[in-house]
1. Under the condition of being assigned to a helix (DSSP H, G or I) and of a type in the set (Val, Ile, Thr), which residue from region 241-278 is nearest to Ser96 (Cα to Cα)?
2. Say whether the condition of being within 23 Å of Leu229 (Cβ to Cβ), in contact (Cβ under 8 Å) with a residue 24 or more places away in the chain, in contact with a helix residue (DSSP H, G or I) (Cβ under 6 Å, 6 or more places away or on another chain) and assigned to a helix (DSSP H, G or I) is met by at least one residue in region 404-419.
3. Can you go through Asp308, Asp244 and tell me which one is closer than 30 Å to Leu462 by Cα, modelled with pLDDT of 90 or more and among the acidic types (Asp, Glu)?
4. Check Gln275, Gln254, Gln237 and return the single one that is within 24 Å of Leu442 (Cα to Cα) and either at pLDDT below 85 or surrounded by 16 or more Cβ atoms within 10 Å (Cβ to Cβ) (or both).
5. Got a sec? Which of Phe405, Phe345 is out of contact with any Cys (no Cβ under 9 Å at 6 or more places or on another chain), aromatic (Phe, Trp, Tyr) and under 30 Å from Phe457 (Cβ atoms)?
6. Restricting attention to region 113-135, and to residues there that are part of a helix (DSSP H, G or I) and surrounded by 12 or more Cβ atoms within 10 Å (Cβ to Cβ), which single residue is modelled with the lowest pLDDT?
7. How many residues are modelled with pLDDT of 85 or more, exposed (fewer than 11 other Cβ atoms within 10 Å of the Cβ) and either among the hydroxyl-bearing types (Ser, Thr, Tyr) or more than 21 Å from Pro154 (Cα to Cα) (or both) if we restrict to region 339-356?
Amino acid sequence: MFVTTNLISFANIRTCAQQAKACTEFAYQTFHSHLKLGKNGLPFSKMQKKKRLCRKALATFVVLLCPLAIASAQAPKEGQDVQLTVRSAIETARKSSPALNQIRAQIRGKKGQKWMSVGLRSPELLYFKEGIEADQPGSFSEKRLAISQSLDFPLRSYFRIKQVGNEQSALEQQLKTEELALDAEVKKSYTTLAFQLEMIHLAEQKVQLAQRLQEAATTRFELGEASELDLMRAEIQLAEAQNDLGTAQKDLHQARYYLFNLIGFDPEEQTYAMQFPDTLTYFELEVDQEIAMTRLMSMPEYQRATLDTRAAAFGVKEAWSKILPDIRLMYYQQDFGSGYDYRGFEVGISLPLWFAFEHRGSIQQASARQNAQKWQQRAVFLSLKQQAENAWHGFENSRENIRRFHQVIRVRAQNLLDLTLEGYQAGELDLLAFLEAQRTYLSSESGYFSALRDYYFRLIELEKFIGKELVFQADE
């Protein structure tokens, strides 16, 4: 699905052309052989039949072999790298997410509900006959053939359609909200996976350092410059580094499968050879707090709450409109014994005499729902404001942390490790000094990648408030 290969390349076309050429030459030779037979006495009709068979054979070869050549070029070959990027992971998650597909189904349902809100009922076809004498069943004084149509008052239908329309728009905003939340979750999961990859590299580096330490300790022990305790410490350090590497590999596999499960990735495509090209890279970024705070009312969560409030307001109007009369129309033809020569019509309206019992409760319910939705809209705004404040301040803090790691801590820790290793190998420093320098270096590297992961997390949380992608952008 995410194979780094061209679907149709010039090589595929060239292969197909070569096969078609071979088929053509074969058909040409076959045709000429039949043509010679025709010259030697084969009837002309049979020769034409052989010619048509050759043409069919040529067409069959071309139709069958060309797609097979292209398909074989498209199929991932064994050992070929398969890549899963952040963008492809997001696209897969959006397609397979049960929550998103459920909302999409609800939107389709609301579109259908609009037609139900028009207020038209099924017409009735009526047959009427009266004045039948008891001793003459076929007699009558009047026959009537009628069609009747009932409908809601137009204003009620209008309010109901507007209510359903706003509910549909609210669901569309909810879909956008869920998509943004899913995108952020996928990005965070991918960030965690990239972090675990860096932890693998760091654990491998730790093993290499422990191996170098053991080699140096062995050399010094053989020269009589180090004790057996130093050699034992070096061996313990190497074993612990190897254990840390195994733990890092376990955490990587957990991160991989969490991402696969999150995006609904096909189990048959979950291979250990899969590559994850998007990595964590430090970069400077300035984010204006005012931009994040001024976009709160345009965010999908708030828009959805606004549309739900508007839909509730139309619900109140629709409840009040129930006191308006329903309309009933009837058109009929009359027969008084000489045929259906007369026409007639009826117009009727309903009278809301039992308004206090029939509609008062629904109006109170609709008004209470509208009031509750207004408070919900207010709560959504305050929650978004709190989230925006926390996201921005968290970004500011994480940015300062990563700056200190990038500009001071990592550089000094690397220099300290290099100088200490040189001193230990030269016999100027003891093993404990080197172990302390190594611990400082590994701690600084682990802290740096943890800070970088937190930096990415804060940027991902800010994206929905800024209104644009800040990390793992589509054009990267």
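1. Here the residue is Ile263.
2. So far as region 404-419 goes, yes, one or more of its residues are within 23 Å of Leu229 (Cβ to Cβ), in contact (Cβ under 8 Å) with a residue 24 or more places away in the chain, in contact with a helix residue (DSSP H, G or I) (Cβ under 6 Å, 6 or more places away or on another chain) and assigned to a helix (DSSP H, G or I).
3. Working: Asp244 fails: closer than 30 Å to Leu462 by Cα.
Answer to the check: Asp308.
4. The match here is Gln237.
5. Phe405
6. Lys114
7. Looking only at that region, the number is 3.
Table: residues versus (1) more than 15 Å from Tyr340 (Cα to Cα); (2) among the aliphatic types (A, V, I, L, M); (3) touching a residue at least 24 places away in the same chain (Cβ under 8 Å).
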{"residue": "Lys114", "(1), (2), (3)": "yes, no, yes"}
{"residue": "Ser122", "(1), (2), (3)": "yes, no, no"}
{"residue": "Ser141", "(1), (2), (3)": "no, no, yes"}
{"residue": "Ile147", "(1), (2), (3)": "no, yes, yes"}
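The values are calculated or read from the model by the stated rules, or taken from the named source; none is laboratory data. From a predicted model like this one, the values you see are computed outputs, not experimental measurements. We place every Cβ from the backbone using ideal geometry, glycine too, and count neighbours over all the protein chains shown.
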